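Peer 1: Handing you a structure now.
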Amino acid sequence: MVERFSMNPVSCKLLNEAWKKEFPDEVAIAERMLALLDELEHYKSREERVTKLVLDNSTSWDALYKKLEAAEKRIAELDKRLIEYAGIATREAHRVAELEARTVILPEPIIVLHRRDFTDAHREIYAYPEAEVNAALADAGIGVNGE
């Protein structure tokens, strides 16, 4: 079914006059069409530039997101290692404190310098019996290496 559009003669005449005023001849119509085509091309070009920009940015966003994920993964790994190292450092600090708190009772020293040509300062030098010192250190759980 075709719908008909009817217009009264006065409205039709006013519309016709407005058309002729806007487009007095075929040249005006062609100029208007060219202006509209230029504007359309401008907006299409702009749309293409915006689309390219969005696609370029989405590519760089993807790359940045991958870098961010890799960095977050690395941070998690380093946090785990940091916790492990903190545990090791705590244990070693306790061990150092334990070792520093130990005392070793050494045997009575013996004066080793009895010669007359030594000064009083030299006569202050003492020596400990090696076997007794090694035994005292072993009793304290301290190993001795070397000569």
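Peer 1: Being at pLDDT below 85 and part of a helix (DSSP H, G or I) is true for just one of K20, K66. Which residue is that?
Peer 2: K20
Peer 1: Specify the residue that is modelled with the highest pLDDT; the eligible residues are those in the stretch 99-129 that are outside any loop (DSSP other than H, G, I, E, B) and surrounded by 10 or more Cβ atoms within 10 Å (Cβ to Cβ).
Peer 2: L99
Peer 1: Another question, then. Is there any pair linking a residue in the stretch 10-39 that is free of Cβ contacts under 8 Å to residues at least 40 places away in the same chain to one that is aliphatic (A, V, I, L, M), with Cβ under 9 Å and at least six apart or on different chains, and which?
Peer 2: Final answer for the pair search is L15/M7; E22/A28; F23/I29.
Peer 1: Determine whether the stretch 75-94 contains at least one residue that is in contact with an Asp or Glu (Cβ under 8 Å, 6 or more places away or on another chain), in a helix (DSSP H, G or I) and small (G, A, S).
Peer 2: No, the conditions are met nowhere in the stretch 75-94.
The values are calculated or read from the model by the stated rules, or taken from the named source; none is laboratory data. Everything quoted here is computed from the prediction, not taken from an experiment. Heads up, the Cβs are rebuilt from the backbone with ideal geometry, glycines too, and the neighbour counts pull from every protein chain shown.
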